[in-house]
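Colleague: I have a structure here, written as structure tokens, and I will follow up with some questions on it.
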Amino acid sequence: MDKAQKRAFVKDLNVSLSEAESVVVSHYRGLTVADLTQYRRSMRELGGSVKVAKNRLAKIAFKGTNFENLDDLMVGPTIIASAADPISAAKITHEFAKTNKDLVILGGTVGTENLDVAGVKALAVMPSLDELRAKLIGIFSAPAQQLATVTQAPAAGLARQLAAKPE
């Protein structure tokens, strides 16, 4: 890369990180191109991105974002997964790491909160926002359904008794 390409890459990475809510940093040594393509595709489906960056350039790109504290993780062959959603980057990276042992999660950040490996895993196993909404709707609608069943029971019993009585 010449200097112009490096500047453009740093600017590009900085812009994408500025728009991101979460970042996960991993080592990718041993992954094939097909594996990385699959990882990128999975992340892109949820609106995220995966970038392989030189550590020095990534540290420069982190400046001015919420992810400046990730400098310590930028050692060795690192790959950066980012997403606008706080959970997507962790969830996709964790799922991919379960099937590909060559991807080793180092840590990450959500907003301004640093996460270690256990923090990324905990974030990855959390239910999504849609799943939480569905559970809440189920919780709130259950009493109404039970009330409707209880109030219909006497009328239904009376109807069965009248239908069973011979004329």
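The values are calculated or read from the model by the stated rules, or taken from the named source; none is laboratory data. As the structure is a prediction and not an experimental result, all values here were calculated from the model. Quick reminder, even Gly has a Cβ in these numbers, built from the backbone with ideal geometry, and neighbours come from all protein chains shown. Just the protein is used for accessible areas: all its heavy atoms, side chains included, with ligands, DNA and RNA removed. Shrake-Rupley method; radii C 1.70, N 1.55, O 1.52, S 1.80 Å.
Colleague: Compute the long axis of helix 33-45 from its Cα atoms, compare it with the longest principal axis of the Cα atoms of the chain, and write down the angle in degrees, 0 to 90, nearest 10.
Modeller: The helix 33-45 is inclined about 50 degrees to the chain.
Colleague: Next question. Just check the stretch 1-57 against the gyration tensor rule for me: Cα atoms, a ≥ b ≥ c as the square roots of the eigenvalues, rounded for a/c under 1.5, and otherwise prolate or oblate depending on whether a/b exceeds b/c.
Modeller: Oblate, because a/c is 1.5 or more while a/b does not exceed b/c.
Colleague: What percent do you get for the relative contact order of the stretch 79-167 when only Cα pairs under 8 Å and 6+ apart count?
Modeller: Answer for the stretch 79-167 is 21 percent.
Colleague: If you take the square roots of the eigenvalues of the alpha-carbon gyration tensor of the stretch 86-153 and sort them as a ≥ b ≥ c, do you get rounded (a/c under 1.5), prolate (a/b over b/c) or oblate?
Modeller: Working: a/c = 5.21, a/b = 2.96, b/c = 1.76.
Verdict is prolate for the stretch 86-153.
Colleague: Moving to a separate point now. For the chain, what relative contact order do you get, as a whole percent, if you take Cα pairs closer than 8 Å and at least 6 residues apart?
Modeller: Taking the mean separation of contacting Cα pairs over the length of the chain, I get 27 percent.
Colleague: Picking from N69, A142, N100, whose Cα lies most toward the positive end of the charge dipole for the stretch 68-167 (charges on Cβ: Lys, Arg +1; Asp, Glu -1)?
Modeller: Of the listed residues, the answer is A142.
Colleague: How much net charge surrounds N66 when only other residues with a Cβ under 10 Å from its Cβ are counted (Lys, Arg +1; Asp, Glu -1)? Write out the running numbers ahead of the final one.
Modeller: Working: positive: none; negative: E21, E68, E113.
Value of the local net charge: -3.
Colleague: Just read off the accessible area of R40 with the full protein assembly in place, 1.4 Å probe, to the nearest 10 Å².
Modeller: Accessible surface of R40 is approximately 70 Å².
Colleague: Something else: Compute the long axis of helix 129-164 from its Cα atoms, compare it with the longest principal axis of the Cα atoms of the chain, and write down the angle in degrees, 0 to 90, nearest 10.
Modeller: 10 degrees
Colleague: Taking the Cα atoms only, what angle lies between the long axis of helix 3-18 and the longest principal axis of the chain, rounded to 10 degrees?
Modeller: Compared with the principal axis, the helix lies near 20 degrees.
Colleague: Based on DSSP H runs of at least 4 residues, each adding -39500 (n - 2.57), what is the mean residue ellipticity at 222 nm of the chain after dividing by all its residues, to the nearest 500 deg cm²/dmol? Walk me through the intermediate numbers first.
Modeller: Working: 6 runs with 93 residues, N = 167.
Calculated from helices alone, the mean residue ellipticity at 222 nm is -18500 deg cm²/dmol.
Colleague: Still on this structure, I have one more. Which residue, chosen from G157, L31, S16, occupies the Cα position most advanced towards the positive end of the dipole of the chain, where the dipole is computed from +1 (Lys, Arg) and -1 (Asp, Glu) charges on Cβ about the Cα centre?
Modeller: L31
Colleague: Also, I was wondering about something else. Counting Lys and Arg as +1 and Asp and Glu as -1, what is the net charge of the other residues whose Cβ lies under 14 Å from the Cβ of S141?
Modeller: +2
Colleague: Okay, next question. Using only the Cα atoms of the stretch 38-123, build the gyration tensor, take square roots of its eigenvalues as a ≥ b ≥ c, and label the shape rounded, prolate or oblate: rounded if a/c is under 1.5, else prolate if a/b is larger than b/c, else oblate.
Modeller: Working: a/c = 1.39, a/b = 1.30, b/c = 1.07.
Verdict is rounded for the stretch 38-123.
Colleague: Under a cut-off of 29 Å between alpha-carbon atoms, report the lysines in cross-link reach of K63, not counting same-chain residues fewer than 8 places apart.
Modeller: K3, K6, K11, K51, K54, K91, K121
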